[in-house]
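Q: Below are the structure tokens for one structure; questions will follow.
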Amino acid sequence: MASTTLESYYTAAPDNYNINGIIHVGANEAEEFNFYDRFPGPKLYFEPIPNVAQKIKNKIGDKVQHTDCPVTVEVLACGSQNLDEITLHVSSNAGNSSSILDGRNSGHFARFGIATESDIQVKMVRLDTYMETHLRYLERLGASSPPYNTLVIDTEGYDLEVLKGAEITLKSINYLMVESWADNFFIGAPTFDEQNSWILAHGFELVKSDWFGGETPSFGNQIYRRASV
């Protein structure tokens, strides 16, 4: 449910970002595809809902033929474990609030008029595990190394679990955008302080934090930059 996009952060301060290769976990319909396509390097989208991932594939099909940068769409969830099956709660708002975590019983869905449409079983991978094979594929294509320096995560309360499965991948990431939630909006979601502390401990600095939800903010987006950049 990201309300601030990477494009909005970039537009506000383009000199702050030297984007080269983008990974987007929880891509939904890849609304930012045209923006991402402006930058060099490959693009990698993860979207675990099959019919939503197909919309990404349909959207980018012809355009991929006219770019020097490979675009990959994976129908997978990302997390801190490799699991053949895990339950994803699919939301009624075109899948935008779908999560591994429970939003229906936390009060979050009721507040925003969202329902859980269905539960589906999806495959989960650690980003580090996936990248072992993916990077060899890009190397055969002649991609530069490291091929990605930007990571966007929008997984409705599960962002920290994605990060925990991506500690090796993060070493080559210069720009990181995540979403955070106030207490109990997704059952089991970390607080902002917990997630922020983990990210800072892995070599990033917080550039900007935005919060949404009226007088009692319920969720926010944060953009980080590697401290050495």
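The values are calculated or read from the model by the stated rules, or taken from the named source; none is laboratory data. None of these values were measured; they are calculated from a predicted model. Positions of Cβ are generated from backbone atoms using ideal geometry, with glycine treated the same way; all protein chains shown enter the neighbour counts. Areas reflect the complete protein model, heavy atoms only, side chains present, ligands, DNA and RNA absent. Shrake-Rupley method; radii C 1.70, N 1.55, O 1.52, S 1.80 Å.
Q: Suppose the Debye formula is applied to equal point scatterers at every Cα of the chain; what is log10 I(q)/I(0) at q = 0.14, 0.18 Å⁻¹?
A: One equal scatterer on each Cα of the chain leads to -0.87, -1.51.
Q: log₁₀ I(q)/I(0) of the range 24-99 at q = 0.14, 0.24, 0.25 Å⁻¹, via Debye over equal Cα point scatterers, no solvent, to two decimals?
A: The computed values of log10 I(q)/I(0) come out as -0.47, -1.12, -1.19.
Q: Which entries in the list LYS59/LYS171; LYS57/LYS123; LYS55/LYS208; LYS57/LYS171 go over 27 Å, if you measure between the two C-alpha atoms of each?
A: With Cα atoms farther than 27 Å apart: LYS59/LYS171; LYS55/LYS208; LYS57/LYS171.
Q: Hey, any idea what Rg/Rh is for the range 112-164, computing Rh the Kirkwood way over Cα pairs?
A: Using Cα coordinates only, the ratio equals 1.11.
Q: Still on this structure, please answer the following. Per-residue HN-Hα couplings for the range 13-23, Karplus 6.51 cos²θ - 1.76 cosθ + 1.60 at θ = phi - 60°, whole Hz, x for Gly and Pro?
A: So the Karplus estimates, Gly and Pro as x, are 8, x, 5, 7, 10, 10, 6, 8, x, 10, 10 Hz.
Q: Note down the magnitude of the dipole of the range 9-93 about its Cα centre, charges +1 on Lys and Arg C-beta and -1 on Asp and Glu C-beta and zero elsewhere, to the nearest 20 debye.
A: 160
Q: Right, next: Please give the per residue accessible area of the chain, computed with a probe of 1.4 Å over protein heavy atoms only, in Å².
A: 46
Q: Out of LEU170, GLN222, TRP198, whose Cα points farthest toward the positive end of the dipole of the chain (charges: +1 Lys, Arg; -1 Asp, Glu; placed on Cβ)?
A: Going by the Cα projections, it comes out as LEU170.
Q: Further question on the same structure: In nm, to one decimal, how far is the ILE120 label point from the THR133 one, both placed 7 Å along Cα→Cβ?
A: 2.0
Q: With +1 assigned to the C-beta of every Lys and Arg and -1 to the C-beta of every Asp and Glu, and no other charges, what is the dipole magnitude of the range 102-184 about the Cα centre in debye, to the nearest 20?
A: Computed about the Cα centre, the dipole is about 300 debye.
Q: How much of the DSSP beta bridge set in the chain is antiparallel, as a percent to the nearest 5?
A: Approximately 60 percent, going by the DSSP bridge assignments.
Q: I've got another one for you. Over all distinct alpha-carbon pairs, what is the Kirkwood Rh of the range 70-194 in angstrom?
A: Hydrodynamic radius (Kirkwood, Cα only) of the range 70-194 equals 15.7 Å.
Q: Would you work out the charge dipole size for the chain about its Cα centre, treating the Cβ of every Lys and Arg as +1 and the Cβ of every Asp and Glu as -1, and quote it to the nearest 20 debye?
A: 540
Q: Measuring from centroid to centroid over Cα atoms, what is the spacing of the range 44-59 and the range 143-172 in Å?
A: After rounding, the separation between the Cα centres reads 18 Å.
Q: Can you order the peptides 156-169, 11-24 by their average number of other Cβ atoms within 10 Å per residue, highest first?
A: Those peptides, ordered most packed to least, come out 156-169, 11-24.
Q: May I pose another question? Go through ASN18, THR5, THR116 and say which Cα lies farthest out towards the positive end of the charge dipole of the chain; charges sit on Cβ, +1 for Lys and Arg, -1 for Asp and Glu.
A: The residue sitting most towards the positive pole is ASN18.
Q: Show the residues, 5+ positions off or on another chain, whose built amide H is closer than 5 Å to the amide H of ALA27.
A: PHE46, GLU47
Q: Ok, one more. Pop out the carbon and sulfur fraction of the accessible area of the range 10-152 as a percent, whole number, probe 1.4 Å.
A: C and S atoms contribute 46 percent here.
Q: Right, here's the next one. Restricting to the range 71-200, what percent of DSSP beta bridges are antiparallel, rounded to 5?
A: Close to 65 percent.
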